[in-house]
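Let me begin by presenting the structure, written as structure tokens, before commenting on it.
The values are calculated or read from the model by the stated rules, or taken from the named source; none is laboratory data. Quick caveat: nothing in here was measured; it's all calculated off a predicted structure. All Cβ positions, glycine included, derive from the backbone under ideal geometry; neighbour counts span all protein chains shown.
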Amino acid sequence: MRSWSPERVAHAAGARLISSPSRSNGPERAVIDSREAGPGALFVGLQGRNADGGAFAAQALDAGAWGVLTEFARADDAGRVAATTSRASPGVVLATEDPLKALHRLAQAWRRELQAHVIGVTGSTGKTSTKDLLLAVLAPHRQTVASRANFNTEIGVPLEILAAPAGTQVLVLEMAMRGQGQIRELVRIAEPDVGVIVSVGPVHLELLVTVEAVAAAKAELIAGLPAGGTAIVPAGEKLLEPHLRNDLRTITFGDGGEVRLLAAEGDRLEIDLAGQPIVLDVSFQQAHLRRNLLAAVAAAHAIGVTPSGRVELALTPGRGERLGLASGVTVIDDCYNANPMSMRAALEDLAATAERGRHRRRVAVLGDMLELGETEQEFHAEIGEHAGAVGVDLLVTVGPRAAAMSERFAGSVRSVSDATEAAALVPALLHPGDLVLVKGSRGVGLELVCRALRNGASG
């Protein structure tokens, strides 16, 4: 937006320009935290649960922000700061009845200005790693921007669009949801021409109740694509079949799909890309990441890119990162989030990694899986059973729900009430050569365990 005038920014946002002191350029990005509101930033004052962001508009201007977008009631105070500041270039003040809707309108206008391909990525599990993989396969071929961790909501998605610089050719946006209508809103803002649904499974059942409802909520991405767009879906996923459209190109991935893995030898993968064989060298061994790579390859193909060469994946922190500790313990930091699908995949990865590395013991530190509704105890018990099936030697459950994992786990178990207790206990349980998986829902806070292991001691 750097090339836009304040008048154009106001028009795009549907806001009133209250103060525009001798500025001809636009902002470089939008922020909602006044502490990030330095030069080039448009501070958007949103109403939060605990605070009214608009109350910090004057503070943002004083910090050197390009301007502020806030409610009319807050605009007068901000305007007075803009008028009395001693800065050489006082900030712009924009006023609106609803700053969030104005943020959405502004992001949509900038997305259209970019004229970039937009790829929306969602799924019950794997959407973040697929987004990261798309960046890895596209960056050597196109000027690509991918959304950061957590920027996948009705606030985060527009912020990521507005952070994309002029000249961006591909914008990869992760899209999260907890209930119906949320993906639909993100699609309306981002207007993707390619939609990737990585997986469908039992998540957010507290609100959605059935997996069929989860599929319908994810399929809002398909419903929002323009005629002639492309939907990327798992091969054989019957829950998505009712939502497919005849006016879209549909590409399936995985076993039996149009994009599938033909052979794997070490880091070398041979992939059938809709009838065209390609070879990629990858920096990861995890089976679920290789499956997600197929979705990324399919999406790249949809915008005219044929991936090639080496794929260097930089995983978002907390999404399966390997940490080799000085104590001789290896940690798989997958603590960012969890559901039954991702738990199973992580346990299988633990087992496969242990086989390749000949580790001493397989240790799983598993926390509560949240938002599973009335069936949560059964889901947790099944994970305990699966942990035993893949050869976990020591299971540490964290939280009241995770305690149910011990019901069907025949090996050694320690159960604790929360992450703080786990962080104190786990380092003392480990020995050199152990391989440790740490995974649980975000609300459990298992990053405390990973931090304790990095900082410290092992028995």
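Please tell me if residue 296 is out of contact with any strand residue (DSSP E or B) (no Cβ under 6 Å at 6 or more places or on another chain), at pLDDT below 95, closer than 20 Å to residue 349 by Cβ and not acidic (Asp, Glu). So residue 296 does not fit the description; no.
For region 97-131, name all the residues that are acidic (Asp, Glu) and either buried (at least 24 other Cβ atoms within 10 Å of the Cβ) or over 29 Å from residue 307 (Cα atoms) (or both).
If we filter region 97-131 for residues that are acidic (Asp, Glu), which is where we start, we get 97-98, 113.
Correct list: 97, 98.
Criterion first (modelled with pLDDT of 95 or more and among the acidic types (Asp, Glu)) does residue 371 satisfy it? For residue 371, the condition - modelled with pLDDT of 95 or more and among the acidic types (Asp, Glu) - is not met. Inside region 418-459, residues that are in a helix (DSSP H, G or I) and of a type in the set (Ser, Thr, Tyr) make up a count of 1.
If you go through region 304-324 and keep only what is touching a Leu at 6+ places or on another chain (Cβ under 8 Å) and buried (at least 18 other Cβ atoms within 10 Å of the Cβ), you end up with 305, 307, 311, 313, 320. Counting only strands (runs of 3 or more DSSP E) that sit completely within region 8-63, those holding 2 or more residues that are assigned by TED's automatic domain parsing to the domain that holds residue 75 and under 23 Å from residue 165 (Cβ atoms) correspond to 29-31, 41-44.
Within region 304-355, take every residue that is assigned to a loop (DSSP other than H, G, I, E, B) and among the charged types (D, E, K, R) and give me the one that is farthest from the chain's Cα centre (by Cα). I'd like the intermediate steps shown before the answer.
Residues of region 304-355 assigned to a loop (DSSP other than H, G, I, E, B): 304-308, 312-320, 325-329, 335-339.
When the remaining residues are screened for being among the charged types (D, E, K, R), the result is 312, 319.
Details: 312: 18, 319: 10 Å.
Of everything passing the filter in region 304-355, 312 is farthest from the chain's Cα centre (by Cα).
Candidates in region 403-417 are the residues that are part of a helix (DSSP H, G or I) and either in the same structural domain as residue 211 (by TED's automatic domain parsing) or small (Gly, Ala, Ser) (or both); of these, the one that is surrounded by the most Cβ atoms within 10 Å (Cβ to Cβ) is 404.
For region 15-35, give me each residue that is within 24 Å of the chain's Cα centre (by Cα) and surrounded by 14 or more Cβ atoms within 10 Å (Cβ to Cβ).
Pass one, region 15-35, residues within 24 Å of the chain's Cα centre (by Cα): 28-35.
Scanning region 15-35 gives 28, 29, 30, 31, 32, 34.
Within region 205-259, the set of residues being within 20 Å of residue 276 (Cβ to Cβ) and either among the β-branched types (Val, Ile, Thr) or surrounded by fewer than 18 Cβ atoms within 10 Å (Cβ to Cβ) (or both) comprises 230, 232, 233, 235, 249, 250, 251, 252, 255, 256, 259. Contact annotation: residue pairs with Cβ atoms under 7 Å, 6 or more positions apart or on different chains, pairing a residue in region 321-334 that is farther than 21 Å from residue 129 by Cα with a partner that is modelled with pLDDT of 90 or more and part of a loop (DSSP other than H, G, I, E, B), are 327/432; 328/432; 328/433; 329/430; 329/432; 329/434. Residues of region 250-268 that are over 25 Å from the mean Cα position of the chain (by Cα) and either of a type in the set (Lys, Arg) or assigned to a strand (DSSP E or B) (or both): 262, 263, 264, 265, 268.
The condition of being modelled with pLDDT under 95 and not hydroxyl-bearing (Ser, Thr, Tyr) holds for only one of 203, 196, that being 203. Checked against the criterion of being free of Cβ contacts under 8 Å to residues at least 40 places away in the same chain, of a type outside the set (Phe, Trp, Tyr) and touching a Ser or Thr at 6+ places or on another chain (Cβ under 8 Å), the candidates 156, 195, 179 yield just one match: 156. On inspection, residue 375 fails the criterion of being within 27 Å of the chain's Cα centre (by Cα), in a helix (DSSP H, G or I) and either farther than 24 Å from residue 203 by Cα or without any contact (Cβ under 8 Å) to a residue 40 or more places away in the chain (or both). Working carefully through the options 265, 241, 258, find the one that is without any contact (Cβ under 8 Å) to a residue 60 or more places away in the chain, farther than 20 Å from residue 307 by Cα and not assigned by TED's automatic domain parsing to the domain that holds residue 373. Answer to the selection: 241. Scoring residue 137 on the criteria (1) more than 18 Å from residue 194 (Cβ to Cβ); (2) surrounded by 20 or more Cβ atoms within 10 Å (Cβ to Cβ) leaves a single failure, condition (1).
Among all positions in region 148-171, there is at least one residue which is over 16 Å from the mean Cα position of the chain (by Cα), modelled with pLDDT of 95 or more and closer than 18 Å to residue 225 by Cα.
Filtering region 389-402 to residues that are in a helix (DSSP H, G or I) and either buried (at least 17 other Cβ atoms within 10 Å of the Cβ) or at pLDDT below 95 (or both) leaves only 402.
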